[in-house]
Amino acid sequence: MRAVLTTAHGGRDVLEYTTAHPEPAPGPGEVRVRVAATALNFHDIFTRRGMPGVNIRLPVIAGSDVAGTVESVGEGGDCVWLGARVLVDPVLREGNRFGMIGETLDGGRAEFVVVRASMLIRLPDRVSFEAAAALPLAYGTAYRMMIVRGGVSAGERVLVLGASGGVGVACVQLAKMLGAEVVACASREDKLERLRALGADHVIDYVKTPFREGVRALYGKPRITGGGGVNVAVNFTGGDTLVDTQKSVTLGGRILCCGATAGFNLQIDARYWWTFEQTMIGSDGWLKDDLVTLLDLVAAGKLQPVIDKVLPLAEAAEAERLLEDREVVGHVLLVP
């Protein structure tokens, strides 16, 4: 079968496209899915580069976000899944067994992928394979962070750093769906225009204007007596951005985090933490039920995943370049 292998840790040259990879066979409790679409995420790039403390068996087929059709069932499996249009929850959550497709298990950059039947979610008729494939890592992470953990509500002012990426776009869309006022931060005018089109009330080009100054221009300086700043700041950038994030949040505000793409060794200003009574909320991934809810929102027309480009499987390296060079808003998909 056709597949893209991540053969080693390194640059994009370690990605190997092949037309002769062995087709996987489902074992007991497993199914084989014919892949219709798989989405790229920065997680795929981190897997290729190598992550401290995470041992990955190489070569591996990356691609954690997968939608397709069940075409065979392993011994003793439930044949009710045969022919079903499905989204795969990328995380294996069975007892003592834990893993993630595209990282510790082969993923969706191939014609077929084998997964546990417990990882399947049936697609509503109105949801396309492409829309479904865009959901798990980005929208699942954003949904849990914004709604389940963060409690974002109508009328709140929400600042989103890194708003043009997969998770950032999802945060903008979900916040608007909830009735919040959204400030989206990104670079380049074309990205800012896309974010405006997605509903962002205000945009800040952080290259030209530090986001802290942009927030102050919109809402005023946060004061310990109340007023000014945003109610919620979404910061999965990390690096050197946390202190300025603290200085952008109003009294009693919340800072939400689901990662640290620019570095996890953060500086914090404890004075703002206590004097502004800030709540810092961490969120890790999603649950299967979160993905079911997101599919229902898509089916109801309340949410439309943003897909920037769809490329053939053989162009996986180019797809990763687009992400690494930050040339896209939303998702890039690969199709076999």
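The values are calculated or read from the model by the stated rules, or taken from the named source; none is laboratory data. All figures in this text were calculated on a predicted structure; none of them were measured in a lab. Please note: Cβ atoms are built from the backbone with ideal geometry, for glycine as well, and neighbour counts cover all protein chains shown. Only protein heavy atoms, including side chains, enter the accessible area calculation; ligands, DNA and RNA are left aside. Shrake-Rupley method; radii C 1.70, N 1.55, O 1.52, S 1.80 Å.
Set Lys and Arg Cβ to +1 and Asp and Glu Cβ to -1, take the dipole of the chain about its Cα centre, and tell me which of Ala317, Ala36, Gln278 lies farthest positive. In the chain, that residue is Gln278.
Using the heavy atoms of the protein chains and a 1.4 angstrom probe, tell me the accessible area per residue for region 215-299 in square angstrom.
With all protein chains present, region 215-299 gives 48 Å² per residue.
Dipole magnitude for region 79-139: about 160 debye, using +1 per Lys or Arg Cβ and -1 per Asp or Glu Cβ, origin at the Cα centre. Simple point charges give the picture: +1 on the Cβ of Lys and Arg, -1 on the Cβ of Asp and Glu, and for the chain a dipole about the Cα centre of about 840 debye.
Can you tell me the convex hull volume per residue for region 230-336, based on C-alpha atoms, in Å³ to the nearest whole number? Don't skip to the answer; put the middle values down first.
Working: hull volume 15.7 nm³, N = 107.
Roughly 147 Å³ of hull volume per residue.
For the chain, carbon and sulfur atoms together expose 51% of the accessible surface, with a 1.4 angstrom probe and every protein chain in place.
For region 198-279, what mean projected area does the convex hull of the alpha carbons give, in nm²? Could the numbers behind the result be given before it?
Values: hull surface 22.3 nm².
Across all orientations, region 198-279 yields a mean hull projection of 5.6 nm².
Treating each Cα of the chain as an identical point scatterer and summing with the Debye formula, the log10 of I(q)/I(0) at q = 0.13 Å⁻¹ comes to -0.95.
Each of Thr293, Ala154, Gly108 was scored by the projection of its Cα onto the charge dipole of the chain, and the greatest displacement toward the positive side belongs to Ala154; charges sit on the C-beta of Lys, Arg, Asp and Glu.
What trypsin sites (Lys or Arg not before Pro) does region 190-221 have in DSSP loop regions with at most 11 other beta carbons within 10 Å? Numbers along the way, then the final one.
On the way: sites: Lys191, Arg194, Arg196, Lys208, Arg212, Arg216; in loops: Lys208.
Passing sites in region 190-221 are Lys208.
In plain terms, the chain from Ile268 to Asn55 could stretch by 73.7 nm, reckoned as 0.36 nm per residue minus the Cα-Cα distance.
The mean sequence separation of alpha-carbon pairs under 8 Å and at least six residues apart, normalised by the residue count of region 165-282, gives a relative contact order of 18 percent.
Considering all C-alpha pairs of region 35-163, those separated by over 26 Å amount to 29%. Once C-alpha pairs closer than 8 Å and six or more residues apart are averaged by separation and normalised to the residue number of the chain, the relative contact order reads 18 percent.
Placing unit charges on each Cβ (+1 for Lys and Arg, -1 for Asp and Glu) gives the chain a dipole about its Cα centre, and among Cys185, Leu334, Gln246 the Cα reaching farthest toward its positive end belongs to Gln246.
Just need the relative contact order of region 52-107 here, percent rounded to a whole number, with Cα pairs under 8 Å and 6+ apart. Mind showing how you got there, number by number?
Numbers: 72 pairs, mean separation 25.5, N = 56.
RCO, region 52-107: 45 percent.
Protein-only accessible surface at a 1.4 angstrom probe places the residues Cys185, Cys258, Cys79 in the order Cys79, Cys258, Cys185, largest first.
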